[in-house]
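Q: Before we start, here is the structure in question, set down as structure tokens.
The values are calculated or read from the model by the stated rules, or taken from the named source; none is laboratory data. From a predicted model like this one, the values you see are computed outputs, not experimental measurements. Don't worry about glycine lacking a Cβ; one is built from the backbone with ideal geometry, like all the others, and counts go over all protein chains shown. Surface accessibility is based on the protein's heavy atoms, side chains included, excluding ligands, DNA and RNA. Shrake-Rupley method; radii C 1.70, N 1.55, O 1.52, S 1.80 Å.
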Amino acid sequence: MIRRILLLSVGLGWGFDASGQVDKAENNYVVKSISIIIEGKTNVNKFSCKLKKYVANDTLKISGIWNGESVEFDGLYLEVPVDGFNCGLPLMTSDFRNLLKSELHPLLSMEISEIYLPPSPNLSALENMTANTLLTIAGAKQIEEVYDSYLNEMDNELILGGKHELNMRAYQIEPPGKFFGTIVVQEQLDIEFEVTIQLVE
């Protein structure tokens with residue numbers, strides 16, 4: 001409970017009342033960096049496509065309210081260019097961008113609407129959280145519950161991350177018959193993200 005109060009009241013700039021509840025607050029944050037790794041499997045190997053520390057420099061006006069079990073957000077919206085991903089080899093990178101239809105839908109976006117905290121949070125960091133996230137991939141939207149989420153505080157910055165498995169078909173992406181020169185047999189993709197934001201004083 002101590003760490004929860006520290007991260008939410010000091011880190012996010014919210015104040016608690018006598019009952020332990022928090023009034024709705026609104027603050028400006030600068031998005032310092034966004035890192036995303038998307039991994040998948042074929043019948044013969046694995047592939048990994050990375051967006052490393054993309055510098056957005058966006059300023060977000062984020063409001064939130066603590067309701068005793070979770071934090072509800074408004075304005076925690078992030079987007080990154082699909083063409084910013086690198087899969088290690090030019091052909092793999094090109095195929096990956098085609099898979100996500102980057103010419104028609106150049107941006108991948110995520111909007112975190114609510115984070116559920118565990119009953120007994122770790123005092124050193126908030127881990128094992130669930131983040132309700134609206135993902136937009138290849139123009140299709142899907143609400144995902146990212147169970148393996150975390151929130152850390154470091155040098156006046158908040159680091160929010162998580163890892164989640166999703167299905168291509170949920171985003172109207174048909175696994176191609178030929179991909180990176182091999183046959184794709186799995187529809188699942190693992191997506192891992194980490195976002196660093198800083199409170200604007």
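Q: Taking the stretch 86-143, which residues are of a type in the set (Phe, Trp, Tyr) and either at pLDDT 95 or above or buried (at least 17 other Cβ atoms within 10 Å of the Cβ) (or both)?
A: Phe96
Q: Shifting gears a bit: Any idea which of (1) closer than 24 Å to Lys32 by Cα; (2) among the acidic types (Asp, Glu); (3) open to solvent by less than 60 Å² (accessible area, probe 1.4 Å) is the one Asp83 doesn't satisfy?
A: Result: Asp83 passes all but (3).
Q: If Leu51 satisfies every condition in (1) open to solvent by less than 20 Å² (accessible area, probe 1.4 Å); (2) in contact (Cβ under 8 Å) with a residue 40 or more places away in the chain; (3) of a type in the set (A, V, I, L, M, F, W, C) but one, which is the exception?
A: (2) is the only condition that Leu51 fails.
Q: Given the structure, is Leu160 buried (at least 17 other Cβ atoms within 10 Å of the Cβ) and either of a type in the set (Lys, Arg) or in contact with a helix residue (DSSP H, G or I) (Cβ under 6 Å, 6 or more places away or on another chain) (or both)?
A: No, not satisfied.
Q: Right, here's the next one. Taking the stretch 170-201, which residues are open to solvent by 70 Å² or more (accessible area, probe 1.4 Å) and modelled with pLDDT of 90 or more?
A: Gln172, Glu192, Glu194
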